Structures are given as C-alpha cells and as structure tokens.
Amino acid sequence: MKTLLVTGYKPHELGIFDHKHIGITYIKKAIQKRYIPLIEEGIEWIMISGQPGVELWAAECAYELKELYPELKVAVLPPFLEQEAQWKEESKERYREVLNQADFVKPITNRAYESPSQLRLKNDFLIEKSDALLVLYDHDQPGTPKFYLEPALKKQNSVADYPIFYLTPEDIEDARREEEMDW
C-alpha cells in the first residue's frame with residue numbers, strides 16, 4: 001500500500017458550521033491516530049478530492065505529520081476546475097491553503113462543473129488510483145461517503161486486496177476522551 005484515499009462527511013453532515021468547532025479537533029486527532037501505523041507500514045501518499053470537511057482536515061493532518069514523516073506526500077485531485085467556485089469564502093481560503101501545500105494537484109477533468117457524472121467519475125477514478133480507503137463513516141448515517149464506498153467495495157470484491165479502513169463515531173469519541181485526559 002502506497003496511496004491512501006481519504007474521505008468522509010462534509011461539515012454540514014456532521015453538524016459543523018464553523019471552522020473553529022471543537023469537533024474538528026477530535027476528528028483530526030482520530031485521523032492522525034489512524035495515519036501513523038499506516039505511514040509506518042508504507043503509505044507514502046494521502047489522496048483527496050479536496051471537498052470541505054473530512055478531506056480537507058485529512059490533508060491538514062498529513063501536513064502536521066510531515067515533521068515526523070517528511071516522506072509523506074499529499075495529492076489533491078478535484079473532480080473539475082474551480083471546484084470551490086460556489087463555496088463560502090472561509091472554505092475557499094482553507095481549500096487554497098491545502099492546495100498550496102500539496103505535493104500534487106490536478107483536476108480529474110479539465111473543465112468546470114457540467115454534470116453529476118463528473119462526481120461519479122471522480123469517485124471511480126480515485127478508488128482505481130488508490131491502494132486503500134480511509135473513510136469517516138457511520139452506517140446509520142450514510143451521507144456522501146457512500147458514493148466512495150460503493151466503488152471501493154466493488155474494487156475490494158474484484159481485486160481482493162483493497163483495504164477499507166473505517167473511522168467511526170466511536171473513534172472520534174475515543175479521541176475526545178483522550179484529549180480530555182491530556183488536560
């Protein structure tokens with residue numbers, strides 16, 4: 001495994017409407033906790049499409065770990081040009097910060113948004129180009145991550161060696177408890 005695709009919920013799906021929400025701290029802590037053994041086992045690339053929420057937080061986690069793991073790289077592959085065009089300014093700013101630090105950035109289609117088929121293409125393409133998937137997912141609240149899980153499960157069934165790592169609400173709660181114990 002060299003390339004780990006990371007995805008999960010968008011902020012509003014998690015009830016997060018502010019970039020300073022304390023829940024982001026716990027989500028990032030849970031992501032980092034999951035990253036470390038994977039990096040030590042050989043993951044070299046963290047790959048995202050750059051959507052707000054878990055994906056951008058995942059990139060920020062990777063950047064924070066670069067001090068300990070300088071070989072770790074981040075690839076951002078948006079589904080189309082100007083993905084952020086309709087986002088709020090604060091989200092655009094965070095997205096640009098992630099792009100500026102990325103080791104590789106390339107839109108999957110070199111045109112602006114035209115249709116939902118570009119999003120399906122993105123999901124299939126990123127699953128195909130990755131060696132494993134890390135997804136923040138709650139089976140009781142499918143949300144947008146299910147659109148990655150469907151092609152990932154299909155690949156897992158055909159290739160047999162496509163690990164899917166889940167981050168769950170329990171993992172985030174564990175991160176919250178650990179953080180409180182550190183205080």
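The values are calculated or read from the model by the stated rules, or taken from the named source; none is laboratory data. This structure is a prediction, so every number in the text was calculated from the model and none was measured. Cβ placement follows ideal geometry from the backbone for every residue including glycine, while neighbour counts extend to all protein chains displayed. Surface accessibility is based on the protein's heavy atoms, side chains included, excluding ligands, DNA and RNA. Shrake-Rupley method; radii C 1.70, N 1.55, O 1.52, S 1.80 Å.
Brief remarks follow.
- Scope region 148-183; condition among the hydrophobic types (A, V, I, L, M, F, W, C), open to solvent by less than 40 Å² (accessible area, probe 1.4 Å) and under 22 Å from Gly50 (Cα atoms); matching residues: Leu149, Ala152, Ile164, Leu167, Ile172
- Output for region 56-109, where each listed residue is modelled with pLDDT of 95 or more, over 20 Å from Leu126 (Cβ atoms) and of a type in the set (S, T, N, Q): Asn100
- Residue in region 1-10 that is hydrophobic (A, V, I, L, M, F, W, C) and open to solvent by 10 Å² or more (accessible area, probe 1.4 Å) present: yes
- Screening Gln86 against (1) touching a strand residue (DSSP E or B) at 6+ places or on another chain (Cβ under 7 Å); (2) surrounded by fewer than 19 Cβ atoms within 10 Å (Cβ to Cβ); (3) of a type outside the set (Gly, Ala, Ser) leaves a single unmet condition, (1).
- Scanning region 89-109 for residues that are within 20 Å of Leu5 (Cα to Cα) and surrounded by 12 or more Cβ atoms within 10 Å (Cβ to Cβ) returns Arg94, Tyr95, Glu97, Val98, Leu99, Gln101, Ala102, Asp103, Val105, Pro107, Ile108, Thr109.
- Some residue of region 25-35 being in contact with a Leu (Cβ under 8 Å, 6 or more places away or on another chain), under 19 Å from Lys129 (Cα atoms), in a helix (DSSP H, G or I) and open to solvent by less than 10 Å² (accessible area, probe 1.4 Å): yes
- Tallying residues that are open to solvent by 60 Å² or more (accessible area, probe 1.4 Å) and among the polar types (S, T, N, Q) within region 126-147 yields 1.
- Gln51 being over 21 Å from Lys155 (Cα atoms), of a type outside the set (A, V, I, L, M) and open to solvent by less than 50 Å² (accessible area, probe 1.4 Å): yes
- Some residue of region 12-23 being part of a loop (DSSP other than H, G, I, E, B), open to solvent by 30 Å² or more (accessible area, probe 1.4 Å) and either among the small types (Gly, Ala, Ser) or closer than 25 Å to Asp161 by Cα (or both): yes
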